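So the structure is just underneath, and the comments pick up after that.
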Amino acid sequence: MKVFNKKGLSALAAVAILAAACGGSTASTAGKTLTIGISFPLNGSALASAGPARDGALLAIKEASIEGYTLKAKVLDHAKEGAHNPDQAAADMLTFVGQEDVVAVVGPFNSASARAQIPVSSEAGLLQCSPSNTNPTLTKGADGEALRGGRNYVRVATTDDLQGPAVAVYAKKNGAAKIYILDSTDAYGKGVADAFEAKFIADGGTVVGRQGLPTGTTDFSAAATAAKAAGADSIFYGGVTSDGAPLFRNALAQAGLGALPFYGADGIYDGTSEGSYIAIAGANAENSYASQAAIENIPGKADFNVKFKAEFGKDAEGYAYAGYACAQIIIEGIAAAVAGGDVTRETVRAAVVDKGAAFETVLGSVSFDAVGDTTQRIISLYKVDGGAWKFVEEINYGN
Amino acid sequence: MATASVTSSTAGRLLGNLRLPLSILAFLGLALGVLGIDQFVNAMTLGAIYALVALGYTMVYGIIELINFAHGDVFMVGSFVAMFISSSLLGNEGAITNVPMLAASVLILFALTISVMALLGALIERLAYRPLRRAPKLAPLITAIGVSFILQNVIQFFFGPTIVTVPQLVPIEWSIQVSGSRVPLLNLFVIATSVILMVALQLFISRTRTGRAMRTTSMDRDASSLMGVDINRTIMITFLIGSGLAGAAGVVHGLYYGNTTFGLGFQSGLKAFTAAVLGGIGNTAGAALGGFLIAFVEVGASAFGYGRWGGAIVFSLLVIFLVFRPTGLLGSHTGDRA
């Protein structure tokens, strides 16, 4: 068991990487500096899931070169006390808006932070690409329209109105009939649980109980006992690791329900590093299932993994590919703006949002619909097997 | 006639003395009937932990009338000290099934953690509160909040802001059957530990010289001082005991939940404060009672699917008590400072 954390070390590493990234591009033709903002929660439990997305974006920016310009990355961390903080996310977005050479932003990671950031970036006409936001109301319907002033927000992850149901379909297929649902009461957790519940009931399943316990809850024993009393044969948790997903899993095991399948969405798909779902739940994590609102089997994955490992000394996981793809899309937008002879926030934004055609990214062909959602609508499903997440199958909802 | 009236007043007094135990029994019976055995055990376990933390709160308030906002974080530090001792010093990784080994490990764990935390509590008192003893009330209060931040940040620096796992020494599979329900021994262990410590504390306060000194100091510090009570020593012992109990709560929290995090102190501090106020701040038996009451409210809410309202109900109770019964369930102090 590790006792002292590696926070200081990883912060140093991040600085070193950043310095390397900047150093790499300054070596190319000096000219006007263009900066791509990177906005993620990067400490505590949040780092386990958002760190790979940041690294992916940094790698893409390091590799890119645009004639006559210097491309830089600027990373801001909006995690406070180990969890993403929407207020800090909005403040960071304001910092990016205030820095003239920032032409686009990769991020944020969590939907609640996106809700805080989009009005700010939208007002400034600053392009924003999220690798991992999955809450549908960020873009769709009246909520999405009210949130954004203009069209400046795109995302390469598909949405919880597909992710929740995909997990429901998979759970049904696994034999789940009577499910107990717990959510974290926030935008993401409740949203994905709602979508799961609707599909599960529509497919003939029974929800034997449901409630919400907010972030910061430490005692899940009463909820676990309630699930037992209700006679659940499976559990669904809507929320992220730091909301308490592994604590709930441990409480279930303590109540004698450790053998029940435990379903979650991408909120608990966060690898195996310190603070991750698997690290905290330990042996109880077996028999857990999760999803990711992204493609698992990307074209050329092996090559990407090799160069990612060479750069960061660790394996690419989670949303690393999506973070890379977001940066690729922004860089292509910048290149198009450069080709048009005028590089401003507006031309970069228009080049991405109004492109009409698909972007060739590490995820494959990605294009955006009228509200900025990706048309690559694939949900990947995973299972904990031998202390690590293993890919099981994907559900493709087509274009 | 005279004999009859004496008998009736004796019976009345007896009934008066029994009112509290009887109402507690009635409440427990009702809770057991409504919640069922499983949830009842959950609530008792949670209440045992809240009560241990609330005791330290209420003792410090009783003796120097300071709302020690750092106490929740002392509990949190206790849980980390227990984790460190258990996993790093004793090298535990999980459950110990050998009973003598288990007993030895748990005893060493309690002894070391309680000692370390008692010293830390005394150190905090010496450095942060004693210099301000004659200062206006607000100064030590703000200092307490400062101490709380210091403890949180020190723990965050050394152990990081993520949830940290703690070895669960008592096997969670061990259980007994009570009328068809499986009651884990771990829960019974937590409840028993807490009750033993609470009884020991009551005996200490009511039967020993130091306990008497604590009581007189809380009644009138200056008069006690004139009667030869060493005030500094008495206050320091109060902090030693209160923080030691928080350390014990930290051990119990780790054994029961198998994890801890640096943010644990904030929520549990608020809960313990509420428990202390509900029970009558300054009153040790009341604080324990308040801790159990809160646990029953929270577990009850969660048992019926309204878990998200648990916190709201608890803090509404706090407001209602502060407005309508500031002396709390058992309190005899006037509520002017609570």
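Please say if the range B:210-338 is rounded, prolate or oblate, where rounded means a/c under 1.5 for a ≥ b ≥ c the square roots of the C-alpha gyration tensor eigenvalues, and otherwise the choice is prolate for a/b larger than b/c and oblate otherwise?
Because a/c hits 1.5 or more and a/b fails to exceed b/c, the range B:210-338 counts as oblate.
For the pair residue B:104 and residue B:25, how long in nm is the line joining their label points, each one 7 Å along Cα→Cβ?
Using points 7 Å along Cα→Cβ, the separation is 4.3 nm.
Sketch the reach of a paramagnetic label on residue A:203 as a point 7 Å from Cα along Cα-to-Cβ, and name the residues of the range A:258-274 whose backbone nitrogen lies under 19 Å away.
Output list for this probe position: A:260-269.
Please compute the per residue accessible area over the protein assembly as shown with all protein chains in place, 1.4 Å probe, rounded to a whole number of Å².
I get 39 Å² per residue for this part.
Work out the mean other chain Cβ neighbour count within 10 Å for the residues of B:251-258 and drop it here as an integer.
Taking the mean over all residues of the peptide, I get 3.
Less than 24 Å apart at the alpha-carbon level, and either on another chain or at least 8 residues along: which lysines does that give for residue A:32?
The qualifying lysines are A:62, A:72, A:74.
Name the shape class, rounded, prolate or oblate, that the alpha-carbon gyration tensor gives for the range A:303-399, where a ≥ b ≥ c are the square roots of its eigenvalues, rounded holds for a/c under 1.5, and otherwise prolate holds if a/b is larger than b/c and oblate otherwise.
In terms of gyration-tensor shape, oblate.
In what sequence, highest mean first, do B:255-263, B:22-30, B:152-160 appear when ranked by Cβ atoms within 10 angstrom?
Peptide ranking by packing, descending: B:255-263, B:152-160, B:22-30.
Among the DSSP beta bridges whose two residues both lie in the protein assembly as shown, what percent are antiparallel, rounded to the nearest 5?
40 percent
What's the ranking of A:124-134, A:110-120 by average number of surrounding C-beta atoms within 10 Å, highest first?
For the peptides A:124-134, A:110-120, the packing ranking is A:124-134, A:110-120.
Would you tell me the mean number of C-beta atoms belonging to other protein chains that fall within 10 Å of each C-beta in B:261-268, as a whole number?
Partner Cβ neighbours, averaged per residue: 4.
With the cut-off at 19 Å, tell me which of the pairs A:173/A:199; A:301/A:355; A:190/A:383 have Cα atoms farther apart than that.
A:301/A:355; A:190/A:383
Mind checking the mean number of beta-carbon atoms from other chains within 10 Å of the Cβ atoms in A:89-97?
Per residue, the number of nearby Cβ atoms from other chains is 0 on average.
Check which residues have an amide H placed less than 5 Å from residue A:78's amide H, if you skip close sequence neighbours.
A:40, A:42
Leaving ligands, DNA and RNA out of it, work out the accessible area of residue B:163 with a 1.4 Å probe and give it in Å² to the nearest 10.
20 Å²
Which percent of the accessible area of the range B:29-324 is formed by carbon and sulfur heavy atoms (probe 1.4 angstrom)?
Looking at the range B:29-324 in its full context, I get 70 percent from C and S.
Once the principal axes of the Cα atoms of chain A are found, what is the range along each, listed largest first in whole angstroms?
So the three principal-axis extents are 67, 47, 38 Å.
Per DSSP H run of n ≥ 4, the term is -39500 (n - 2.57); total these for chain B, divide by its residue number, and report the mean residue ellipticity at 222 nm rounded to 500 deg cm²/dmol.
Only helices count here, giving -25000 deg cm²/dmol.
When a/c is below 1.5 the answer is rounded, else prolate if a/b is larger than b/c, else oblate, so apply that to the range B:144-263 with a ≥ b ≥ c taken from the square roots of the Cα gyration tensor eigenvalues.
oblate
Considering the options A:93, A:287, A:330, tell which one lies farthest towards the positive end of the dipole of chain A, charges being +1 on Lys and Arg and -1 on Asp and Glu at the Cβ, about the Cα centre.
A:287
Give the long-range amide H neighbours of residue A:238: residues separated by 5 or more places, or on another chain, with amide H under 5 Å away, using H modelled in the peptide plane at 1.01 Å from N.
A:182, A:183, A:184
Along the Cα-to-Cβ line of residue B:208, 7 Å from the Cα, sits a label point; which residues in the range B:56-98 have backbone N less than 16 Å from it?
The answer is B:56, B:59-60, whose backbone nitrogens lie closer than 16 Å to the label point.
Considering only B:114, B:20, B:167, whose Cα is most displaced toward the positive end of the charge dipole of the range B:13-168, charges sitting on Cβ of Lys, Arg (+1) and Asp, Glu (-1)?
Of the candidates, B:20 comes out farthest on the positive side.
I'd like the accessible area for residue A:393: 1.4 Å probe, protein heavy atoms, all chains in place, Å² to the nearest 10.
50 Å²
So, taking all protein chains as they sit and a 1.4 Å probe, how much accessible area belongs to residue A:354, in Å² rounded to tens?
90 Å²
Just for chain A, what percent of DSSP beta bridges are antiparallel, to the closest 5?
Percentage antiparallel, nearest 5: 30.
What translational D, rounded to a whole number of µm²/s, comes out for the range B:29-324 from Stokes-Einstein when the hydrodynamic radius is the Kirkwood one over Cα pairs, at 37 °C and 0.692 mPa s?
168 µm²/s
Given Cα positions, please report Rg to Rh for the protein assembly as shown, the hydrodynamic radius being the Kirkwood one.
On the Cα set of the protein assembly as shown, Rg over Rh gives 1.03.
List the GluC sites (Glu not before Pro) in the range A:33-98 that DSSP assigns to loop (not H, G, I, E or B) and whose Cβ has at most 12 other Cβ atoms within 10 Å. Which are they?
A:67
Convert each backbone phi in the range A:207-214 into a coupling constant with the Karplus relation 6.51 cos²θ - 1.76 cosθ + 1.60 (shift: θ = phi - 60°), then list the ³J(HN,Hα) values in order as whole Hz, x for Gly and Pro.
Running phi through 6.51 cos²θ - 1.76 cosθ + 1.60 with θ = phi - 60° gives 9, 8, x, 8, 7, x, 10, x Hz.
With a 1.4 Å probe on protein heavy atoms only, work out how much accessible surface B and A bury together, total over both chains, in Å² to the nearest 100.
2900 Å²
Return the loop-located GluC sites (Glu not before Pro) in the range A:99-154 (DSSP other than H, G, I, E, B) with at most 14 other Cβ atoms within 10 Å of their own Cβ; answer none if there are none.
Here the sparse-neighbourhood loop sites are A:100.
In deg cm²/dmol and to the nearest 500, what is the mean residue ellipticity at 222 nm of chain A if only DSSP H runs of at least 4 residues count, each as -39500 (n - 2.57), divided by the residue total?
Rounded to the nearest 500, the figure is -13500 deg cm²/dmol.
Please give the net charge around residue B:290, taking every other residue with its beta carbon less than 15 angstrom from that of residue B:290, where Lys and Arg add +1 and Asp and Glu add -1.
Summing Lys and Arg as +1 and Asp and Glu as -1 gives +1.
The values are calculated or read from the model by the stated rules, or taken from the named source; none is laboratory data. Just so we're clear, the structure is a prediction, and the values are computed from it rather than from any experiment. When we count neighbours, we look across all protein chains shown, and the Cβ atoms used for this are built from the backbone with ideal geometry, even at glycine. Areas reflect the complete protein model, heavy atoms only, side chains present, ligands, DNA and RNA absent. Shrake-Rupley method; radii C 1.70, N 1.55, O 1.52, S 1.80 Å.
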